[in-house]
Amino acid sequence: MNQHTAHSRIERLRQQIHDYNRAYYIDDTSIPDESYDLLVEELKSLETTFPLLQTPSSPTTKLIGTPLPAFPTHTHQIPMLSLGNVYSVDELLSWAESAKKILGTEDIEYSCELKFDGLAVSILYEKGELVKGVTRGDGATGDVITPNIRTIESLPFRLPEALSLEVRGEIYYSKVNFEKLNQRRTALDEPSFKNPRNAAAGSIRLLDSSEVRRRHLDIFIYSMVEGPMESGHFQNLEKLKALGFPVSDEIRKYETMAEVVAYCQKWEHEKEQLPYDVDGIVIKINRLHHQKQLGFTAKSPRWAAAFKFTAEQAVTRLLEVEVGVGRTGVLTPVAILEPVELNATLVSRATLHNYDQVARLDLHIGDEVTLEKGGEIIPKVVAVNKDVRSKEAKSIQAPALCPSCGNAVAQNPGEVDWRCPNLQCPAQQLENILHFVSRKAMDIDTIGPALIEQLLSRQLIRDASDLYLLKHGDLSALDRMGDKSADNVLEGIKRSKNCRLSRFIYALGIRNVGEKSAKLIARHFETLENLMQASSEALNQIDEIGPIIAKSVSEYFRNHENQSLIKRFLEVGIALEGEPQTVQTASAIAGKTIVITGTLSESRDIWKARLEAGGAFITSTVSKKTDFLLAGENAGSKLAKAEKLNVSVIDEATVQEWLQSE
Ligand code: IVH
């Protein structure tokens, strides 16, 4: 092979491996046509034969699928403290009294603001440019999340004046975007976030900024801690607003506590009308010289207080308790209620968590109960009004028999949960098979709950291994299933036969084993045979696998029923592939000098911040000292110069991959 043909073959191999990695680590979907290892081997040997064709961006020189180095940290010049809470008007008034006493005057201004329910960040601008965004962290040191902060559209990148300042604010999810996010996650078979705050917290620390951008986070700026100060906090916020910062329209400045109290009470009643969650009101003594005089306690400023709203409650009647049976057989009591309005939604179900909780509440069927919607979407029963309990009210116990299969339920020593121990229980089987076919497991997207239910009830399958024995005729005879759909189902099943060991381990639904542990285990043991022989101690020796997972995995494979299930999977033709081994080490970006050129999918500022967050230095001219040129479309003279100086040229996808955790 001459250098020219080697070059085109190498390019092709790199592209294939790149696509494969991307599909596997980022989209979490595809199964390779050719064996991944063969591709890598071929590429490696070509690169050894033709060393001139080796580049740092080759997949053979990159650490594939390693978690991103943690976010860089930043020490807050001014610590990010929390606020002291007050829970009633009386407490609020005594906070104001003590401030007046310290200040020795009645002439006090108060700034009133909504208390947004999200997470605090600090944002630094230098000469008018957004240079850094940092999480609160432990208050003293936070994570640098600049690329993610830059995805927030309402936040200015560049100020109209070349000011240097540090502002703080709350990142939050609007109710609408939160709903959309959860709908998207449900469609992708991903767990929903419990509330907008969790969703915001989960999103802001993602490593993939393009995913953060897709999530449409929002922010309200609520203070300036460094910069050209006005005489008061309210005036500072007005100035920030004029500079283009997203400052809430609801801030007010008052001179009496009567007005402050009225503001708190107004929002206590009207908070539901806001398009985002708030959990109280923040009252700040406005004039900065007063703030200075009042100072701080160890944890919070004396010049501010958070008036916390009481969680909204509703009273209704418990009609019955439904028992859900989960994948691992856990029985979950769910309260079925007389429908009642709570936080502007009609509620007819509430979680009771477990039977310990039922006993603690001393809950009876027919009881009048108080519901509360805290931060979570699903309301909770928080109290039972025993005074009005009727004589007929029946106490509630965990059922003796599983509502799905009739087996006797049991409670493991030391566990709160009651479980159905029957592994053949239809409810568990349904959940197990649903898990088996789910996207991150065997990814058979042509099979849904309705089909599984039909197959189970007609006894066409008993467990997931039977899916592989289904015939066209079995399927086409089912409700709402034509020839074409039957073909699709069979095709999906067939496609899943060649699969990564890690996916298969995850698909088995071993208790406590999530996607990540499955990958760690698969990488360590390499084959199913090795894993099945592994002792709990051997499992525990894997980094990040603790004793609970280790025990649960080894017990799973000791169980005879599980062993015969696995035997059946192998008999029907499941072929397991090992995990791709990582090829090389070294953080690709940290400490490297990078030049950016050409048109990229996002602005150059975003790429700059993203690379800097990974520890790179960004310069504007290509020289011998340049490590990489990140080139987008239509790159011109810089690309030519890089090629001349033998500087490695990388593309966006490569950088994303370097920055991507598994
Ligand atoms: S001022 C010294 N204003 O509430 C702290 N905080 O426990 C100054 N928050 O961590 C904070 N809305 O994340 C302030 N309008 C607002 C706020 C607000 C929400 C959060 C903030 C802080 C927490 C206080």
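Among the numbered conditions (1) of a type outside the set (A, V, I, L, M, F, W, C); (2) in contact with a Lys or Arg (Cβ under 9 Å, 6 or more places away or on another chain); (3) crowded, with 16+ Cβ neighbours inside 10 Å, the only one that Thr316 does not meet is (2).
From the list Ala575, Ala588, Ala550, the lone residue that is hydrophobic (A, V, I, L, M, F, W, C), more than 28 Å from the chain's Cα centre (by Cα), over 18 Å from His435 (Cβ atoms) and open to solvent by less than 50 Å² (accessible area, probe 1.4 Å) is Ala575. Which residues, taken from region 40-60, are modelled with pLDDT under 65 and open to solvent by less than 30 Å² (accessible area, probe 1.4 Å)? Matches in region 40-60: Ser57 only. When you look at Ala201, is it within 16 Å of the ligand (Cβ to nearest atom) and open to solvent by 30 Å² or more (accessible area, probe 1.4 Å), yes or no? Considered against the rule, which asks whether it is within 16 Å of the ligand (Cβ to nearest atom) and open to solvent by 30 Å² or more (accessible area, probe 1.4 Å), Ala201 comes out as yes.
The residues of region 480-509 that are surrounded by 15 or more Cβ atoms within 10 Å (Cβ to Cβ), more than 24 Å from the chain's Cα centre (by Cα) and assigned to a helix (DSSP H, G or I), listed by number, are Ser485, Ala486, Asn488, Val489, Leu490, Gly492, Ile493, Arg495, Leu501.
Count of region 466-475 residues, restricted to those that are surrounded by 13 or more Cβ atoms within 10 Å (Cβ to Cβ) and either assigned to a helix (DSSP H, G or I) or among the aromatic types (Phe, Trp, Tyr) (or both), is 6. Among residues belonging to region 407-465 that are of a type in the set (A, V, I, L, M), under 30 Å from Asp356 (Cα atoms) and over 29 Å from the mean Cα position of the chain (by Cα), point out the one that is least open to solvent (accessible area, probe 1.4 Å). Only one residue fits best here, namely Val409.
In this entry, Gly142 passes the filter for residues that are of a type in the set (Gly, Ala, Ser), within 16 Å of the ligand (Cβ to nearest atom) and closer than 22 Å to His76 by Cβ.
The residue pairs whose first member lies in region 300-312 and is in contact (Cβ under 8 Å) with a residue 12 or more places away in the chain and near the ligand (Cβ under 9 Å from one of its atoms), whose second member is open to solvent by 30 Å² or more (accessible area, probe 1.4 Å) and of a type in the set (A, V, I, L, M), and whose beta carbons are closer than 7 Å, counting only pairs six or more residues apart or on different chains, are Ser300/Leu81; Ser300/Leu83; Pro301/Leu81; Ala304/Leu83; Ala306/Leu83.
A residue that is in a helix (DSSP H, G or I) and surrounded by fewer than 14 Cβ atoms within 10 Å (Cβ to Cβ) can be found somewhere in region 212-219.
Against the conditions (1) in a helix (DSSP H, G or I); (2) among the hydroxyl-bearing types (Ser, Thr, Tyr); (3) at pLDDT 85 or above, Tyr20 satisfies every one except (3). Cβ separations smaller than 7 Å between residues 6+ apart or across chains give the following pairs from region 335-348 residues that are on the phi < 0 side of the Ramachandran plot to residues that are crowded, with 16+ Cβ neighbours inside 10 Å and in a loop (DSSP other than H, G, I, E, B): Ala335/Leu352; Leu342/Glu312; Leu342/Lys373; Leu342/Pro379; Val347/Pro379. One residue stands out in region 114-131 among those that are aliphatic (A, V, I, L, M) and more than 16 Å from the ligand (Cβ to nearest atom): the one that is nearest to Gly142 (Cα to Cα), namely Leu124.
Of all the numbered requirements in (1) more than 16 Å from the ligand (Cβ to nearest atom); (2) modelled with pLDDT under 90; (3) over 16 Å from the mean Cα position of the chain (by Cα), Ala162 misses one, and that requirement is (2). Within the option set Thr5, Thr73, being surrounded by fewer than 16 Cβ atoms within 10 Å (Cβ to Cβ), under 25 Å from the mean Cα position of the chain (by Cα) and modelled with pLDDT of 80 or more holds for one residue only, Thr73.
Within region 180-188, is even one residue of a type outside the set (A, V, I, L, M) and either within 16 Å of the ligand (Cβ to nearest atom) or in contact with a strand residue (DSSP E or B) (Cβ under 9 Å, 6 or more places away or on another chain) (or both)? No, region 180-188 contains no residue that is of a type outside the set (A, V, I, L, M) and either within 16 Å of the ligand (Cβ to nearest atom) or in contact with a strand residue (DSSP E or B) (Cβ under 9 Å, 6 or more places away or on another chain) (or both). Annotation: of all residues in region 270-299 being open to solvent by less than 20 Å² (accessible area, probe 1.4 Å) and more than 27 Å from Ala199 (Cα to Cα), the one that is nearest to the ligand (Cβ to nearest atom) is Lys284.
Can you tell me which of Asn512, Asn540, Asn559 is open to solvent by 10 Å² or more (accessible area, probe 1.4 Å) and touching a residue at least 40 places away in the same chain (Cβ under 8 Å)?
Asn512
So for region 321-332 (the condition being open to solvent by 50 Å² or more (accessible area, probe 1.4 Å), on the phi > 0 side of the Ramachandran plot, away from the ligand (no atom under 13 Å from the Cβ) and not β-branched (Val, Ile, Thr)), does at least one residue qualify? Taking every residue of region 321-332 in turn, none turns out to be open to solvent by 50 Å² or more (accessible area, probe 1.4 Å), on the phi > 0 side of the Ramachandran plot, away from the ligand (no atom under 13 Å from the Cβ) and not β-branched (Val, Ile, Thr). Residues considered: Arg184, Arg213. Of these, the only one that is farther than 18 Å from Gly118 by Cβ and modelled with pLDDT under 95 is Arg184.
Regarding Asp37, is this residue acidic (Asp, Glu) and either modelled with pLDDT of 80 or more or assigned to a helix (DSSP H, G or I) (or both)? Yes: the conditions hold for Asp37.
Among residues belonging to region 146-164 that are open to solvent by less than 10 Å² (accessible area, probe 1.4 Å) and aliphatic (A, V, I, L, M), point out the one that is nearest to Arg205 (Cα to Cα). Ranking the qualifying residues of region 146-164, first place goes to Ile149.
Listed by position, the strands (runs of 3 or more DSSP E) contained in region 252-342 that have at least 3 residues being within 32 Å of the chain's Cα centre (by Cα), of a type in the set (Val, Ile, Thr) and farther than 30 Å from Cys402 by Cβ are 278-285. Against the condition within 16 Å of the ligand (Cβ to nearest atom), on the phi < 0 side of the Ramachandran plot and open to solvent by 50 Å² or more (accessible area, probe 1.4 Å), how does Lys241 come out, does it pass? Taking the combined requirement at face value, the residue satisfies it. Against the list (1) part of a helix (DSSP H, G or I); (2) touching a strand residue (DSSP E or B) at 6+ places or on another chain (Cβ under 6 Å); (3) surrounded by fewer than 19 Cβ atoms within 10 Å (Cβ to Cβ), the condition Ile618 fails is (1).
The values are calculated or read from the model by the stated rules, or taken from the named source; none is laboratory data. Owing to the predicted nature of the structure, the values given are computational and were not obtained by experimental measurement. Neighbour counts run over all protein chains shown; Cβ positions are idealised from the backbone, glycine included. Just the protein is used for accessible areas: all its heavy atoms, side chains included, with ligands, DNA and RNA removed. Shrake-Rupley method; radii C 1.70, N 1.55, O 1.52, S 1.80 Å.
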